[in-house]
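K.L.:
Following this message is one structure expressed as structure tokens.
The values are calculated or read from the model by the stated rules, or taken from the named source; none is laboratory data. Just so you know, these numbers come straight off a predicted model, no measurement behind them. Accessible surface is based on the protein model in full, side chains and every heavy atom, while ligands, DNA and RNA are left aside. Shrake-Rupley method; radii C 1.70, N 1.55, O 1.52, S 1.80 Å.
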Amino acid sequence: MHALLRPFAIKSSGDIARLGVLLALFGLILFGALRYDNFLSSYNILSFLRYNSMFALIALGMAFVIITGGIDLSVGGTAAMASVVAALLSPWHWAAGLLGGMAAGCAVGALNGFIITKMRIQPFIATLATMLAAYGTGLLIANNQSVSVSYDSGFTVIGQDDFLGFPIPAWIALAAYVLGWLVLEKLPVGRHVLAIGDGEATAGLMGLKVERTLAAVYLASGTLAGLAGVILASQFGAGQPTEGVGWELFAIASVVVGGTLLTGGSGSVGATLAGALLLAMVFNILNFENGLGWISLSAYWQSVIRGAFLLVVVVLQAKLMARHRSA
């Protein structure tokens, strides 16, 4: 337990921001528990974890990318394309759908890594191009429509079933985060990722394999986005080529709310998970608020409120960090 809480240890201004997102998450949970009757019901908790596992996965990949000082705008398009690939392959076997969707994401990640490291294209432009290509590819192979998955191969178990009373997508996300924490905190590659974020030139002078590490990071981000696409298709029973719009913004926001600077060089896997859960919790609470009947917020107003909440959290974190520096 001590090791899992270590990402929130107070050592720097960044650690204060990470602690802030954790406190904000607990505060929202307490607010929801006190205000809504069924907020802590098993149905709401399990539904919340099942659905938001997709966003947690893309946020994890984005965290590693941003720690290196990069950005990956292609994750939403990659997830959409992967959901179509997984749906098309699902009739053959559940494993074909799973591995096919992940392979599609891996291919986009590998392409991102190649363009950025070998062609020397800035990550923003490179991943913007692959985002458009991924959406276009998904629409082409799906004939511009949703693609139903097979219900006979067991593919839907991935997104819809439970294991030991816990949603399988949540188990997948948890395993990914544990692995991500081990990579960042315990393995040499994690130190290389942090060093590259501090400065690619300096990392190269230190003898680190900068290009190989960057390629691996974008490969991981693409693969995790592909896995999110598999869960999307399995959970909703169809590959959806038009889904994923705005997912990259959710992932970036989760990482930033978790205290990771867009300039790179530092970051936390645990705080990224807290950031993703915090943003998802805002949406969950707004749905409960609509259910009370006191207010009626459309999806547009919910987006406005979530954006305002994000701004408030980031501003508070900035003030806390400034106060810490001046102390």
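K.L.:
Rounded to whole Å and sorted largest first, list the principal axis extents of the Cα atoms in region 164-209.
P.N.:
Result, largest extent first: 50, 15, 13 Å.
K.L.:
Regarding region 145-250, what are the three Cα extents along the principal axes, ordered largest first, in Å?
P.N.:
Per principal axis, max minus min of the Cα coordinates gives 54, 35, 24 Å.
K.L.:
Round to the nearest 10 and report in Å² the accessible area of residue 243, as given by a 1.4 Å probe over the protein chains' heavy atoms.
P.N.:
Around 60 Å² of this residue is reachable by solvent.
K.L.:
Using a 1.4 Å probe on the protein heavy atoms, what percent of the accessible area of the chain belongs to carbon and sulfur?
P.N.:
Carbon-and-sulfur percentage of accessible area, whole number: 69.
K.L.:
For the chain, take N as its residue count and report Rg(C-alpha) divided by 2.2 N^0.38 Å.
P.N.:
0.98
K.L.:
Can you sort 303, 47 by 1.4 Å-probe accessible area, starting with the largest?
P.N.:
Accessible-area ranking of 303, 47, largest first: 303, 47.
K.L.:
Report P(r) for region 140-199: all Cα-Cα distances, bin width 5 Å, range 0 to the bin holding the largest distance, values in whole percent.
P.N.:
4, 14, 13, 12, 12, 11, 12, 12, 9, 1, 0
K.L.:
Starting from 0 in steps of 5 Å, tell me what percent of the Cα-Cα pairs of region 176-236 lands in each bin.
P.N.:
4, 17, 22, 21, 14, 10, 6, 4, 2, 0
K.L.:
Could you check which residue among 212, 18, 191 shows the biggest mean-square fluctuation in a GNM of the chain with a 10 Å Cα cutoff?
P.N.:
Fluctuation is largest for 212.
K.L.:
Quick one: which residues, 5 or more positions from residue 238 or on another chain, have an amide H under 5 Å from its amide H? H modelled 1.01 Å from N in the peptide plane, none for Pro or chain starts.
P.N.:
149
K.L.:
May I ask you to give the solvent-accessible area per residue for the chain, in square angstrom, as obtained with a 1.4 angstrom probe?
P.N.:
Accessible area per residue, the chain: 47 Å².
K.L.:
Find how much the distance from residue 30 to residue 191 grows on full extension, using 0.36 nm per residue of separation minus their present alpha carbon separation; answer in nm with one decimal.
P.N.:
54.3 nm
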